[in-house]
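To keep things clear, I will list the structure first and then write my remarks on it.
The values are calculated or read from the model by the stated rules, or taken from the named source; none is laboratory data. Bear in mind that the values here come from a model prediction, so they are computed numbers and not experimental data. Here the Cβ positions follow ideal geometry from the backbone for every residue, glycine too, while neighbour counts run over all protein chains shown.
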Amino acid sequence: MITFVLVAVCLTGAAALLVASSLRRRQDAEAIGYVSKETRRRDQRSRKPTPVLEGTTGRDVEQAAHLARVGGELVPISEPAPPAPWVAPDPEQLGIDRRQFLNRSIIGGFILGITAFGGATLAYLWPSPSAGFGSKITVGKLTDINDAIQAGDGFAYYPDGRMWITAYPSSALDKAKKVYPPSVLTGMEAGVVALYQKCVHLGCRVPACDTSQWFECPCHGSQYNQAGEKKAGPAPRGLDRFPMLVSGGVLTVDTGTIILGPPIGTDTTGQEAEGPHCITTHE
């Protein structure tokens, strides 16, 4: 009895599966439709092969096949350009190694040294200017210079030569001959001395003080008498001066040659401050 029931159940399930499969095929046929074998043969005979170019992609082939089916024109597909040939990079562009860097540094140093030496040689051999500071300046007649000194209350400044010219007393010549070279004594014997305006301490321009009748540096308080001899302050010596030449009563000063000032303690004129100082001494 149990066996009969199992057989009946199996047969009923198989029948139901067969009916469901038949219904499924019928629905597919109604939705899509079938093409006869004769129609499929005619389509295969009339179908033309689609040309395929080398280097084309699957998308290009699909587009070409679609255009052939709908009656369009086949768009030609250009072949891709060949790749550019490989060229090895220039080592000079990639960089330099340690040896090249050292070699070039040494060569560059030699070039700079030769250039500096050549520039210094040219500067030494180049003729000195014919006028202005660094040349021989004809200041003028001694009488005119003495008038300028009196008008300047003991000091005459000549900007072209960057110098002060002051009177030098004849009574101090004996002491001066023991200290100063002949190129400076020539002017002193004529009664004048030409002093470089720059302080020998740190190079500031030294003005004259009308009250003390000394030169007094405003930078650090170095003080010098009218002959440029150091009196106070941090200056290491007296004011530097220029060689002088007197010919026919005319004074010529060589501003291209600087003679170092006298050492500390030199006091040929004995001039003391004649009034209040303009600058406080920092000694």
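Observations, loosely collected:
- Residue list for segment 195-231, filter: farther than 18 Å from ILE149 by Cβ, surrounded by fewer than 18 Cβ atoms within 10 Å (Cβ to Cβ) and out of contact with any His (no Cβ under 7 Å at 6 or more places or on another chain): LYS198, GLY203, CYS204, ARG205, PRO218, CYS219
Every residue, every condition in (1) part of a strand (DSSP E or B); (2) in contact with a helix residue (DSSP H, G or I) (Cβ under 6 Å, 6 or more places away or on another chain); (3) farther than 16 Å from THR268 by Cα, yes or no:
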{"position": "GLY140", "(1), (2), (3)": "yes, no, yes"}
{"position": "ASP147", "(1), (2), (3)": "no, no, yes"}
{"position": "GLN150", "(1), (2), (3)": "no, no, yes"}
{"position": "THR166", "(1), (2), (3)": "yes, no, no"}
{"position": "ALA172", "(1), (2), (3)": "no, no, no"}
{"position": "SER183", "(1), (2), (3)": "no, no, yes"}
{"position": "VAL200", "(1), (2), (3)": "no, no, yes"}
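- Scanning segment 225-248 for residues that are of a type in the set (Val, Ile, Thr) and touching a helix residue (DSSP H, G or I) at 6+ places or on another chain (Cβ under 8 Å) turns up at least one hit.
- Residue check, ALA208 within 37 Å of the chain's Cα centre (by Cα) and either at pLDDT 95 or above or hydrophobic (A, V, I, L, M, F, W, C) (or both): no
- Selected residue (criterion: surrounded by the fewest Cβ atoms within 10 Å (Cβ to Cβ)) from residues of segment 182-194 that are within 9 Å of PRO243 (Cα to Cα) and not β-branched (Val, Ile, Thr): PRO182
- Note on segment 218-262: enclosed strands (runs of 3 or more DSSP E) holding 1 or more residues that are more than 17 Å from TYR158 (Cβ to Cβ) are 230-232, 244-247.
- Hits in segment 238-278 - residues which are crowded, with 19+ Cβ neighbours inside 10 Å and under 44 Å from the mean Cα position of the chain (by Cα): GLY238, LEU239, ARG241, PHE242, PRO243, VAL253, ASP254, THR255, GLY261, PRO262
- Pairs, first touching a residue at least 24 places away in the same chain (Cβ under 8 Å) in segment 243-266, second hydroxyl-bearing (Ser, Thr, Tyr) and in a strand (DSSP E or B), C-beta under 7 Å, six or more apart: LEU245/THR252; VAL250/THR138; THR252/THR138; ILE258/TYR196
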